[in-house]
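Asker: Okay, here's the structure, questions in a sec.
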Amino acid sequence: HGKAGDWGESLSLCQWLYHRVSGLRRFIRAPAGGGATARPATGDVLDALVLVQSTLHSDFDALNEPSTPTTTGGLTGAGAHPTAATEDRIHAKLVAEELSKACYSAMDEGLVFVVPTSPGLPPRMDADEADIIAWEASMTRLNSLAALTGIPQVSVPIAISSSGPTASSPSSFLGVSLLTRQRQDLAILRSLEKLHGFIAGDVKERAGRPEGTGSPKADAEAEKALGNACFKKKQYMQAAQHYTRSMAFDGNNPVYPSNRAMAHLKMGAYEEAERDCDLALRLDQCNVKALLRRGAARAALGSYEEAAQDYARVLDIEPGNRQAKGELALLRKVL
């Protein structure tokens, strides 16, 4: 991304890798219906880097086990014939060398790589196993370039306020890294001081203006539907990400921050849930679901009086609300 001192220029790193590192194409699955000239998706290039990395790190002992040759995407699969597997390892080593040469050559030309290295906040240790596995897989993909080339990198968290300047605090984070030549660590730290604001602004602008169909409300509802589907599968992190996208498309609908609050509650992120409910209630003071969820978050945080006030407010709006009655009764015993 860009040249040092001239951050107005940028390019797609994955497309650059595809064209500059020809050996990488062996590890990229063919684009569906694209033919030889089709451009691979960013995810395909990242998957190829991970495949190169895993091939290099494969266990040599596995190569001595007799088995039937199998192929996956043009490469030998697990338990493949030793000769074929060794060939894959040789190709992977050549790709890693070609990749390092291309990257260092670009850095000699003044290019600085700015890459995402963390998709957001990590899941809690008690999160669903599927969420943890998804997080680890995403981290492996995003860090595969530095892992293969050994290029030093400096990582920084960028706070993203998906709900706009009225938000009380940032709701999500993205880890971004700057990569440069070896023995240039001090230089990149100095660059980071100057470029942090630019990178943060660029990330926030991209996060605040997601691509869609051209109808913000329709796109927001589509993301909400995806979030609801993930929530039903107990994929709470993914659900929260979809609700964040909904908020980026339409920041005036209280349903989206309220839904994300519920996802945060399920992940045990009670402070984030409370902030989301605050946002929803600024948009709609009588939003019963937001009041109930904020009450739950506050109770979990030990703010029992404030939680009781939320449940009492629900009963002012809906006197027959059974959930609010039950929670309020429990809180009164504590108080």
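The values are calculated or read from the model by the stated rules, or taken from the named source; none is laboratory data. If you're wondering where the values come from, they're calculated on a predicted model, not measured in any experiment. The accessibility values were calculated without ligands, DNA or RNA, using every heavy atom of the protein model including side chains. Shrake-Rupley method; radii C 1.70, N 1.55, O 1.52, S 1.80 Å.
Asker: Using the structure shown, list the pairs from LYS224/LYS289; LYS232/LYS333; LYS217/LYS289; LYS289/LYS333 with a Cα-Cα distance above 25 Å, or answer none.
Answerer: From LYS224/LYS289; LYS232/LYS333; LYS217/LYS289; LYS289/LYS333, over 25 Å: LYS232/LYS333.
Asker: Also: How much solvent-accessible surface does MET267 expose, in Å² to the nearest 10, with a 1.4 Å probe and all protein chains in place?
Answerer: 40
Asker: So how much accessible area does SER155 have, in Å² to the nearest 10, using a 1.4 Å probe?
Answerer: It works out to around 70 Å².
Asker: Can you bin the range 234-319 into rounded, prolate or oblate? Criterion: square roots of the alpha carbon gyration tensor eigenvalues sorted a ≥ b ≥ c, rounded for a/c under 1.5, prolate for a/b above b/c, oblate for the rest.
Answerer: oblate
Asker: Then there is this: If ligands, DNA and RNA are left out, what is the accessible area of ILE133 with a 1.4 Å probe, given in Å² to the nearest 10?
Answerer: 90
Asker: Oh, and also: Taking H as built 1.01 Å from N, whose amide H comes closer than 5 Å to the amide H of THR117, not counting residues under 5 places away?
Answerer: Correct list: GLY175, VAL176, SER177.
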